[in-house]
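Here is the structure we will look at, set down as structure tokens.
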Amino acid sequence: MPPRRRTDGGLPRWVLLPAGLAVLLVAGPVAGLLLRVPWTRFPALLASDASVDALLLSLRTSAAATAIVVVVGVPLALVLARVDLPGRRVLRTIVLLPLVLPPVVSGLALLTTLGRRGLLGARLEMLGIDIAFSTTAVVIAQAFVSLPFLVISLEGAVRTAGHRYEDVAATLGARPTTVLRRVTLPLLLPALGSGTALAFARSLGEFGATLTFAGSLQGVTRTLPLEIYLQRETDPDAAVALSVVLIAVAAVMVIATQRGARGDR
């Protein structure tokens, strides 16, 4: 008779208690929010001009920020994982800083660099280019805070995958660009999908850096998190309804990252 498969993973049973408390720590507030939603008025609460503008703006800017993150983040992750650069640890630390910086500090860093009186912003203004407090500023702020999520996800996958398939392709005469396009990137697709979903979710939920660097102008810079914050004071039911929308989109992104992780294995 074959041995019965253990469902506890070989762990002591007491581990289930703190694990359950951890689940309650996250699930409890989310459940409380869902129970607070006035479902009978839900469509009407989302139909206001301010809510629609905030939702559409968030989706557009998050998509744009994610595209930027993918274009620059994939090469950066490959460089950090494969190229033996001097000062690579320092470079990695700089890239991952937005993970631990308070969002307001991130916004101030962007403002002092790209604002009208900033290091680069003053020179750009002389050319007629204003970035701060514009939709472009929203995209830059979202890209700034979400880039590390893609880089850290992809860099780990690159290191785990190794480079034996690339070595074989190079031995057969494939050029580096061909190896990257036909071998490396297909191997990294699950991790790339996971990192992209994380970057999009982080962009969608960005608040502090966006408010500091881009402000809050309806239809221009007021994203969904900013609209939720404002509605919290004037119409709490609308704030709760918009929060549910944000949770739903975030849940879809989390499911996408889990699928990517399974594909990685």
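Read the figures in this text as sums done on the coordinates, not as results from a lab. Bear in mind the structure is a predicted one, so any value in this text is a computation, not a measurement. Cβ coordinates were reconstructed from backbone atoms using ideal geometry, including for glycine residues, and neighbour counts include every protein chain displayed.
Comparing Leu99, Leu46, Leu24 in a Gaussian network model of the chain, where Cα atoms under 10 Å apart are tied by springs, the biggest mean-square fluctuation is seen for Leu24. In this simple spin-label approximation, Ala63 and Leu124 carry label points 7 Å from Cα along the Cα→Cβ vector, and these lie 2.3 nm apart.
Express in nm, to one decimal, how much length is gained between Asp167 and Leu34 on full extension, taking 0.36 nm for each residue of separation and deducting their alpha carbon distance. Value of the extension gain: 42.7 nm.
What does the helix-only formula give at 222 nm for the chain: each DSSP H stretch with n ≥ 4 adding -39500 (n - 2.57), the total divided by the residues, and the result rounded to the nearest 500 deg cm²/dmol? Display every interim value, and only then the final one.
Details: 13 runs with 189 residues, N = 265.
Value at 222 nm, helices only: -23000 deg cm²/dmol.
Here is the list for the range 4-68: trypsin sites (Lys or Arg not before Pro) lying in DSSP coil, each with at most 14 other C-beta atoms within 10 angstrom of its C-beta, are Arg4, Arg5, Arg6.
In the elastic network of the chain, a GNM with C-alpha springs shorter than 10 Å, the most mobile of Gly128, Gly195, Gly219 is Gly128. Is the shape of the range 116-155 best called rounded, prolate or oblate, per the rule: a/c under 1.5 gives rounded, else a/b larger than b/c gives prolate, else oblate, with a ≥ b ≥ c the square roots of the Cα gyration tensor eigenvalues? Because a/c hits 1.5 or more and a/b exceeds b/c, the range 116-155 counts as prolate.
Recomputing Rg and Dmax of the Cα atoms in Å from the coordinates shown identifies the correct label among [x] 16.4, 45; [y] 17.3, 53; [z] 22.1, 81 as [z].
Whole-Hz Karplus values for the range 239-256 come out as 4, 5, 4, 5, 4, 5, 4, 5, 5, 4, 5, 4, 5, 4, 5, 5, 4, 4 Hz, taken residue by residue from phi with 6.51 cos²θ - 1.76 cosθ + 1.60 and θ = phi - 60°; glycine and proline positions read x.
With K and R counted +1 and D and E -1, the other residues having a Cβ less than 14 Å from that of Val145 yield a net charge of 0. Amide hydrogen proximity for Leu217: with H placed 1.01 Å from N in the peptide plane, the residues at 5 or more positions away or on another chain lying under 5 Å are Arg222. Charged neighbours of Gly73, selected by a Cβ distance under 15 Å, balance to +2 (K, R count +1; D, E count -1).
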